[in-house]
């Protein structure tokens, strides 16, 4: 697997170490030592993945992540941080990060996270251009707007359910916040009267159509405090 990876890290030793390993693995590497430079490099080069340190001068990693996600929902972002508290992970995931690696980390672990994030992104792009999706013992047909069980029963999908399922399928394994779903699927900003409760209601209805046991979902999971994550029949 190859591609371009942007590393934003203000520690020269860590930056050099990660860069050397990625180059040995065949990746093209872009380097930034502060958040503002990272955002400029992202804008001009559009890498396949971003490794983003949280604590950086000029702009911190959270602000860079937020800025990228305003224009790009698909490029994987892996946060690097010395902090290990759960609240920091939640903040990063709510802003749209795909994964989170806590320093100090081994290069083998980091490379495994990079490969996994790139694989999920590739799977999502492939699904985005397909009209059907296999989920457990059902087939979702986005064009026909229905889900069909192997046993023969067919359940129609409302337009919003259809859009939600396709969006989840295009971002496999990624935690997606309710706010992102409101903006993307409903076209609604944070000041709207429609709340994230609408997202929860539609997700609950969707689970009844794609899950064998909606109260114990296997595919459309709740990421507590962060949003939802879709795990289809893919090797993620």
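Mind giving me the FRET efficiency for residue 186 and residue 212? R0 is 30 Å, r the Cβ-Cβ distance, nearest 0.05 is fine.
Numbers: r = 28 Å, r/R0 = 0.94.
Here the calculated transfer efficiency is 0.60.
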Angle between the chain longest axis and helix 35-45 axis [Cα atoms, degrees, rounded to 10]:
70
Per GNM of the chain with C-alpha springs under 10 angstrom, the most fluctuating residue out of 29, 78, 50 is 29
Name the most mobile residue of 26, 152, 61, meaning the one with the largest mean-square fluctuation, in a Gaussian network model of the chain with Cα contacts below 10 Å.
152
Taking Cα atoms, how many degrees apart are the long axis of helix 197-210 and the longest axis of the chain, rounded to 10 and kept between 0 and 90?
70
For a quick check, take a GNM of the chain with Cα springs below 10 Å and name the residue from 72, 99, 216 with the largest mean-square fluctuation.
216
Each label sits 7 Å from Cα toward the beta-carbon; between residue 109 and residue 148 the label points are separated, in nm, by 4.6
antiparallel share of DSSP beta bridges within the chain, to nearest 5, in %, is 50
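Which shape class applies to region 4-126: rounded if a/c is under 1.5, otherwise prolate when a/b exceeds b/c and oblate if not, where a ≥ b ≥ c are the square roots of the Cα gyration tensor eigenvalues? Intermediate results must be reported in sequence, preceding the final value.
Details: a/c = 1.11, a/b = 1.02, b/c = 1.09.
The shape class here is rounded.
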Distance between modelled label sites at residue 223 and residue 195, nm, 7 Å Cα→Cβ extension:
2.3
Between rounded, prolate and oblate, where does region 130-230 land on the alpha carbon gyration tensor, with a ≥ b ≥ c its root eigenvalues, rounded for a/c under 1.5, else prolate if a/b exceeds b/c?
prolate
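Nearest 500 deg cm²/dmol is fine: what mean residue ellipticity at 222 nm does the chain get from its DSSP H runs of n ≥ 4 alone, each adding -39,500 (n - 2.57), divided by its residue count? Display every interim value, and only then the final one.
Numbers: 8 runs with 96 residues, N = 236.
My calculation for the chain gives -12500 deg cm²/dmol from helical runs alone.
Determine, for each peptide in 3-13, 103-113, the mean count of other beta carbons within 10 angstrom over its residues, then list the peptides with the highest first. Show your work: numbers first, answer last.
Values: 3-13: 18.9, 103-113: 13.1.
By packing density, highest mean first, the sequence is 3-13, 103-113.
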Against the empirical 2.2 N^0.38 Å scaling, what ratio does the C-alpha Rg of the chain come to?
1.06
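Any read-out appearing in this document is the output of simple, stated calculations on the displayed coordinates, not a laboratory observation. What you see is a predicted model, and the numbers here were worked out from it, not measured in a lab. Note: ideal-geometry Cβ built from the backbone for every residue, glycine included; neighbour counts use all protein chains shown.
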